[in-house]
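Below: the structure, in structure tokens.
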Protein chains: 2
Amino acid sequence: MLQNKIKKHLTQLQQKKFRKEFQEFIIEGVKGVSEALNSKFEVILVVVDGSKRDEKDFAQIIELAEKKEIPVEFCGRDDVVSIKTTDTFPGVLAVVEQREVVLEDITDGSIICLDQVKDPGNLGTIIRTADWFGVKNILLSEDCVDLHNPKVVRGTMGSIFHVNVFRASDVVGSLGKLKSEFGFKVISMCMDGENINRDKIEISRDRTVFVFGSESHGVREEIEKMSDKKYTILGKGQAESLNVAISVGVLLSKVR
Amino acid sequence: MLQNKIKKHLTQLQQKKFRKEFQEFIIEGVKGVSEALNSKFEVILVVVDGSKRDEKDFAQIIELAEKKEIPVEFCGRDDVVSIKTTDTFPGVLAVVEQREVVLEDITDGSIICLDQVKDPGNLGTIIRTADWFGVKNILLSEDCVDLHNPKVVRGTMGSIFHVNVFRASDVVGSLGKLKSEFGFKVISMCMDGENINRDKIEISRDRTVFVFGSESHGVREEIEKMSDKKYTILGKGQAESLNVAISVGVLLSKVR
């Protein structure tokens, strides 16, 4: 059984205000916890389902945590109800310290910028997709979903530990700074841009910010205006819009 | 207030076995219900939150349903708890008859085939993405998630009414028939295929089945063996796999 103090802390971390207060978040599952332990992030606590402690995957996690002198607690079936963030508790979770990222940290290579992306599943998938295509820097507008929301964290499938995510307090200002001080180009995905499916488009990833808006509102006007180039993924069917994570995947597959 | 009989029926339709028994499914939301009413699908019943009947979007749906002689029922706040399929009831739903689709119905143009895709969100997004890129035919293996699962239906954002989805009882047999009887080529997305990001790849959509496997298991061996061509979306980062819906988007953006 977990101590009440720990149980309370884990429950609190499911709320944004406490994640902000403690500057921590929760990662669940064997893959995620293993990635956390092997990353540069500081892991504060590992919680393992006591009935699984002898299973291979879990035993390895316990061993790794102990080697790194990270406390490991064991929970019982009754604890799970209050600590799990999904319907089914995958048997292990870790409390991880949030990393502080400033604008300067994302200025090497290309950047994916998301404007008002509110769906946690989309943000998670976008981070995973960026990681797949080797883009390490993410810029979130002030009104995007919280990066440390459990659904976002889960959706990244561990990629949250491979990328630098900077949350702007003023995304237009940050983009301006990236242009003027760091020499970035801004490329926005809009409804009225150049057709990205055309033959000979060469999109370079050198010092480029690729901006994607929400499916309902698109990229905000101020950002459109400061864009060096606009692209569109043309559709042929009857669907009204393309999922934003799909747009990111399509664009990144075109970039050299 | 809804009659108990209707309430019971709506609750039952949240379960796969009853959807199968009645050959019906539920679509929620203004956009989805409007699409249903404007499609070739038979709408059996429309249920509107009584407190919203005078709001423009809802009034339009009611008018359209009545013009088509489709019964409209009004529900109260107490009904919502048992009939909603999401956390927040969007104020309107429709009961729609499932369309019977046979293999022959999907033999014009190209086909997206999904092998063992179990995640409802992914299937919904794939159908929406296929619709965006103008692919109207979907072939599901016998062990894919149920097309009429509420999360799938919601994820399609109305595109479920624009595509033909055939669920195979033996996907290998269906693919064999598409090759031998209908002259289709089979292209599979695999780990060891040709790099799709390479320069001069020309993928034609003429009589082609594009097969995508689950993220954990990939395309099954029997299908790989019968493929005319295999492609891979190469990654450069540390992510272990690409989301299957993203793979569909990337591939379709390359097809002419």
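The values are calculated or read from the model by the stated rules, or taken from the named source; none is laboratory data. Just so you know, these numbers come straight off a predicted model, no measurement behind them. Neighbour counts are summed over all protein chains in view; Cβ atoms, including those assigned to glycine, are modelled from backbone coordinates with ideal geometry.
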Problem set entry | Subset of region B:227-250 (residues that are in contact (Cβ under 8 Å) with a residue 12 or more places away in the chain and out of contact with any helix residue (DSSP H, G or I) (no Cβ under 6 Å at 6 or more places or on another chain)) | B:SER227, B:ASP228, B:LYS229, B:LYS230, B:TYR231, B:THR232, B:LEU234, B:SER241, B:SER247
Seminar exercise, completed: Considering residues that are without any contact (Cβ under 8 Å) to a residue 40 or more places away in the chain and of a type outside the set (D, E, K, R), the number found within region B:39-73 is 12
Exercise. Does region B:220-233 include one or more residues that are over 25 Å from A:ILE160 (Cβ atoms), in a loop (DSSP other than H, G, I, E, B) and among the β-branched types (Val, Ile, Thr)?
Worked result: no
Problem set entry | Flag if A:SER51 is more than 14 Å from chain B (Cβ to nearest Cβ) and under 14 Å from the mean Cα position of the chain (by Cα) | no
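I'm trying to understand the selection: among the residues of region B:72-95, which are more than 24 Å from the chain's Cα centre (by Cα) and surrounded by 11 or more Cβ atoms within 10 Å (Cβ to Cβ)?
Filtering region B:72-95 down to residues more than 24 Å from the chain's Cα centre (by Cα) leaves B:72-82.
B:VAL72, B:GLU73, B:PHE74, B:CYS75, B:GLY76, B:ARG77, B:ASP79, B:VAL80, B:SER82 - these are the residues of region B:72-95 that are more than 24 Å from the chain's Cα centre (by Cα) and surrounded by 11 or more Cβ atoms within 10 Å (Cβ to Cβ).
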Exercise. Filtering region A:220-237 down to residues that are under 17 Å from A:GLY176 (Cα atoms) and buried (at least 16 other Cβ atoms within 10 Å of the Cβ), which residue is nearest to the other protein chains (Cβ to nearest Cβ)?
Worked result: A:LYS230
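From A:ASP79, A:ASP105, which residue is of a type outside the set (Gly, Ala, Ser) and at pLDDT 95 or above?
Working: A:ASP79 fails: at pLDDT 95 or above.
After applying the criteria, what remains is A:ASP105.
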For this session: Restrict the check to region B:243-251 and report whether at least one residue is of a type outside the set (Ser, Thr, Tyr), more than 10 Å from every other protein chain (Cβ to nearest Cβ) and in a strand (DSSP E or B).
Result: no
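Go through A:SER174, A:SER180 for me and flag whichever is buried (at least 20 other Cβ atoms within 10 Å of the Cβ) and within 16 Å of A:SER227 (Cβ to Cβ).
Working: A:SER180 fails: buried (at least 20 other Cβ atoms within 10 Å of the Cβ).
Step by step, each of A:SER174, A:SER180 is checked, and only A:SER174 is buried (at least 20 other Cβ atoms within 10 Å of the Cβ) and within 16 Å of A:SER227 (Cβ to Cβ).
Would you please name the residue that is nearest to the chain's Cα centre (by Cα), looking only at residues in region B:187-209 that are in contact (Cβ under 8 Å) with a residue 60 or more places away in the chain and over 22 Å from B:GLU240 (Cα atoms)?
In this case the residue turns out to be B:VAL209.
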Exercise. Taking the condition surrounded by fewer than 14 Cβ atoms within 10 Å (Cβ to Cβ) and part of a loop (DSSP other than H, G, I, E, B), does A:ASP108 pass?
Worked result: yes
Seminar exercise, completed: Among A:GLY218, A:GLY235, the single one that is on the phi > 0 side of the Ramachandran plot, assigned by TED's automatic domain parsing to the domain that holds A:VAL145 and modelled with pLDDT of 85 or more is A:GLY218
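Looking at region B:238-256, which of its residues are surrounded by fewer than 17 Cβ atoms within 10 Å (Cβ to Cβ) and either more than 24 Å from the chain's Cα centre (by Cα) or of a type in the set (A, V, I, L, M, F, W, C) (or both)?
B:GLN238, B:GLU240
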